[in-house]
1. Name every residue in region A:230-255 that is over 17 Å from A:Met163 (Cβ atoms), buried (at least 24 other Cβ atoms within 10 Å of the Cβ) and modelled with pLDDT under 80, in order of residue number.
2. Taking region A:361-373 on its own, how many of its residues are buried (at least 16 other Cβ atoms within 10 Å of the Cβ) and touching a Gly at 6+ places or on another chain (Cβ under 9 Å)?
3. Filter region A:379-396 down to residues that are open to solvent by 60 Å² or more (accessible area, probe 1.4 Å) and in contact with a helix residue (DSSP H, G or I) (Cβ under 8 Å, 6 or more places away or on another chain), then give me how many there are.
4. Against the conditions (1) away from every other protein chain (no Cβ under 14 Å); (2) crowded, with 21+ Cβ neighbours inside 10 Å, where does A:Gln19 fall short? Just the number, please.
5. Does region B:26-48 contain at least one residue that is more than 18 Å from A:Ile162 (Cβ to Cβ) and assigned to a loop (DSSP other than H, G, I, E, B)?
6. State all residues of region A:285-309 that are in a helix (DSSP H, G or I) and without any contact (Cβ under 8 Å) to a residue 40 or more places away in the chain; if no residue qualifies, say none.
7. Out of region A:113-148, which residues are at pLDDT 80 or above and under 24 Å from A:Leu233 (Cβ atoms)?
8. Which of the residues spanning region A:218-229 are open to solvent by 10 Å² or more (accessible area, probe 1.4 Å) and not hydrophobic (A, V, I, L, M, F, W, C)?
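The values are calculated or read from the model by the stated rules, or taken from the named source; none is laboratory data. Quick caveat: nothing in here was measured; it's all calculated off a predicted structure. Positions of Cβ are backbone-derived with ideal geometry, glycine not excepted, and every protein chain shown enters the neighbour counts. To get the accessible areas, we keep the full protein, side chains included, count just its heavy atoms, and leave off ligands, DNA and RNA. Shrake-Rupley method; radii C 1.70, N 1.55, O 1.52, S 1.80 Å.
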Amino acid sequence: MSDYERTAVPRDARRGFWQITSVWVGYVFILVSMMAGAGMAAGMSLETLFWAILVGNLFLTVVSSLMSIIAYKTGYTFALICRFSFGSLGAKIPAIMYAFIQLGWYVIQAALFGHLIAVYFELSPFFEALAMIASCLFMGLFALKGMRWMSVVGLVSIPTMIMLCLATAMRAVQDGGGWAAVAAFSGEETMDFMTAVGLVLGTWIFGASTTVADFNRFARSSKHVVAGCATGLLIVNSFIIGVGAIVGAASQQWDLVEILFGLGLVIPAFVLLTTNLWTTNSANLYSVGLTLSSVFPKTSRQTIMIGIMILASVLSLFKPYEIGAVFAMLKGLSIIVPPLTGIVLIDFYFLWNRQYPGHIENLSFKTVNPYAILAWLAGIGVAISFDIGFASLNAMAGAAFIYALIMKATHLQMLNTDNEHLAGHQKTQEA
Amino acid sequence: MYKLLALGGIVVLSVGSFMSCLGAGALATAGDAVLLLGCGISTWGFCYWQPDSQA
């Protein structure tokens, strides 16, 4: 069953706003964001935290919209889009890195769900391991079927999660002494505003700049694309981090599992965690399948995804759900992924004048673009070297600038000579 | 009919959410059942109907 993993999504296969947005919002609605909110609440005042949430998600909305428009216009997956800047073989490098990171998120969230089951039923380590393995296998089932089944999961899960989050927050505030007591709560002031914004960026910079393309390639209009991105990030992600912060401030804990059980909300806890982990992890696995389909074109998407599910089951036994691993990954992603996004965005909007050629299956690319890889590494270097502003933004802008400069200076064509008539769009051809 | 099931199920699960989270005793237990019932009904409905599914 093809979900257009190696070609553009044709116009007659595009989907409506709610079908796309339900998958994207379900993807964004994630336990880890709530945990991040609760963790940040312990380190700063709620007022500062809410401004950090707003600023961070505004930036994420802009990035995801720009990337999504590329996917909508071309109908290509993120992995296919990378070929225009990195080359046919070079695109496998970000693709493999991307799949590795997605796998990491998949394992963390599936293991977290297994851990929840083990905590509630007081399971032994052996049965906890079985629970984590079962989570890895079951969460991938809907992703195997493709976008339509993932839409069903999203359409049911999103209202469920919203209502449960609202109800949970109201209960936590009620038990915490009322809103006045919660609003007066202030963390230990161990985290500054910029660090908090960086963490918010880190929660979704990866998905907002890469995975979002895999869903929005099915969109019917650019308005749907932008509205969907704003709904998912500016509204829903802000909401979910904020709820985590409120519940954390009311309970003075960062472990959401313990918070929900401490409130006695067992069934709602299971429903909330099942719906939000399931939707996000389905999308993770779906995206991994699409990406690795372009890396291994002779293997079907379903076979790849089954292999990933088995691998994830093994990796879950290392218990990656502990908070240290989560925050370390978030901070790392905030520097490594943005340069890649900066290169893709400048390539499409500037060097290719907002139009990639169609029928990518018939195009012949250069094998590797060393300048793209150089710019990517340089972007990471910029983020590490400049301790001003936001590391993610610095990395993205630095890589984009260096890439554009080198490509214009070298006049490198990414399409081979037999596709020369298509290369005319690429601005590097201009004297 | 499936549209009614899908949207009606959302209403039911919403009510169940607040009952189970804010209620106590029998009300909370009933809320758990209503929440699960609403999830099941809406899933059934969305399997056959989805918003803006017409081209």
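1. Of everything in region A:230-255, those that are over 17 Å from A:Met163 (Cβ atoms), buried (at least 24 other Cβ atoms within 10 Å of the Cβ) and modelled with pLDDT under 80 turn out to be A:Gly248, A:Ala249, A:Ala250.
2. 6
3. Going through region A:379-396 one residue at a time, the tally reaches 4.
4. Only one criterion is unmet by A:Gln19, namely (1).
5. The answer is no, given that none of the residues of region B:26-48 is more than 18 Å from A:Ile162 (Cβ to Cβ) and assigned to a loop (DSSP other than H, G, I, E, B).
6. A:Thr303, A:Ile304, A:Gly307 - these are the residues of region A:285-309 that are in a helix (DSSP H, G or I) and without any contact (Cβ under 8 Å) to a residue 40 or more places away in the chain.
7. A:Phe113, A:Met139
8. Residues of region A:218-229 that are open to solvent by 10 Å² or more (accessible area, probe 1.4 Å), as a first pass: A:220-224, A:226-227.
Scanning region A:218-229 gives A:Arg220, A:Ser221, A:Ser222, A:Lys223, A:His224.
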